[in-house]
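One structure is given here, and the rest of the page talks about it.
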Amino acid sequence: MRLMFVGPPGAGKGTQAVRIAARYGIPHISTGDMLREEIKNGTPLGQQAKAYIEAGELVPDDVIIGMVKERISRPDARDGFLLDGFPRTREQAEALDKFTSLDVVININVPDDKLIHRICGRRVCRQCGATYHESMLENLKQCPKCGGELYVRDDDKEEIVRQRIAVYKEKTQPLIEYYTKKGLLEDVVGSGGIDDITEAIVAVLENRK
Ligand code: AP5
Ligand code: MG
C-alpha cells in the first residue's frame, strides 16, 4: 500500500502515521523527522534546512525531492510506504508522480483553534521519537515509554505555528484538489480521540482494498 497523509501542522499526521504504518507493516516516511535528524547530525542538508524550519517556511523543493526519492528507493519501501509531510507543494507532487504512484491520500481535517492548542502542548521524546500532548503526561520531562528526555520542537512556538498554518493554506492545501481530481483523496475527521481517528483511517483503507 502506497499511502500519503495530508493535513495542517498539528492535524495528527505523525501520531496516526506511527499506528497505521505498524498495522500495515510499511515504513513511515516523515520528511519533517528526516530533516530534524539531518539537523541533529549537523549534515550539510541539515544546515541548509534549519533556518527554513525555524522560520516556519518550507525547505526548497529540490532538497526535499532528492531526499524522498532516495528514501523510497530503499528495499523496505518496495511493497509500500506511508508518506507523512510530503508532498507539500505542486512541484513536489508532480515530481513524486514521476518516480512512483500513490494508492490513496488521507486528508486529516482539524479546525485551526485545535491545531494551535495541540502543537503548543506537544512534547517529543529525544530517545524513541514518541509524541505526546502535555495533557497526557504526568511528568513533562520524561518519556513514559522509554524514560528518554522530552523536548519541545524549535518550531512549536505560537507565532511560528501560525506561520506554518498560513504556509500550509497557501502551498499545500491546493494539493487536496490535485489528488481529488486523480480520485485518490479520502477525508477523515481529525478532531476526535486518537483511537477513533485510527479506526476511521483503517475503515477507509479497508474499503478501498
Ligand atoms: P513536519 O514535521 O512535517 O511538521 P508539520 O506538518 O508542521 O506537522 P506536525 O508534525 O507539527 O503535526 P502532525 O500533523 O504530525 O501532528 P502530531 O501527530 O505531531 O514539518 C516541519 C517542518 O519541516 C516544516 O515546517 C518545513 O519547514 C519542513 N518540511 C517538512 N516536510 C517538508 C516538505 N515536504 N517540503 C518542504 N519543507 C518540509 O500531533 C500534534 C500534537 O497533537 C501532539 O501533541 C499530539 O500528541 C497531539 N494530538 C495528535 N492527535 C490528537 C488527537 N486526536 N487529540 C488530541 N491531541 C492530539
Ligand atoms: Mg508530524
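The values are calculated or read from the model by the stated rules, or taken from the named source; none is laboratory data. The structure presented is a predicted model; accordingly, all values stated were derived computationally and were not measured. Note that we place each Cβ from the backbone using ideal geometry, even for glycine, and neighbour counts take in every protein chain shown.
Structure data summary
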item: Meets criteria (touching a Lys or Arg at 6+ places or on another chain (Cβ under 7 Å), more than 19 Å from Ile72 (Cα to Cα) and touching a residue at least 40 places away in the same chain (Cβ under 8 Å)) for Gly12; result: no
item: Output for segment 187-209, where each listed residue is at pLDDT 95 or above, closer than 21 Å to Met1 by Cβ and not in a helix (DSSP H, G or I); result: Asp187, Val188, Gly190
item: Strands (runs of 3 or more DSSP E) fully within segment 29-148 counting 3 or more residues that are touching a residue at least 24 places away in the same chain (Cβ under 8 Å); result: 81-84, 104-109, 122-125
item: Qualifying residue in segment 139-148 (condition: touching a strand residue (DSSP E or B) at 6+ places or on another chain (Cβ under 9 Å), farther than 24 Å from Arg36 by Cα and of a type in the set (Gly, Ala, Ser)); result: no
item: Filter result (charged (D, E, K, R) and either in contact with a Ser or Thr (Cβ under 9 Å, 6 or more places away or on another chain) or at pLDDT below 95 (or both)) within segment 161-177; result: Lys171
item: Subset of segment 163-206 (residues that are β-branched (Val, Ile, Thr) and out of contact with any Leu (no Cβ under 7 Å at 6 or more places or on another chain)); result: Thr172, Thr180, Val188, Val189, Ile194, Ile197, Thr198, Ile201, Val202, Val204
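Listed here are the residues, each with its yes/no results for (1) within 10 Å of ligand 1 (Cβ to nearest atom); (2) within 28 Å of Glu199 (Cα to Cα); (3) of a type in the set (Asp, Glu).
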position: Leu82; (1), (2), (3): no, yes, no
position: Arg123; (1), (2), (3): yes, yes, no
position: Gly147; (1), (2), (3): no, no, no
position: Tyr151; (1), (2), (3): no, no, no
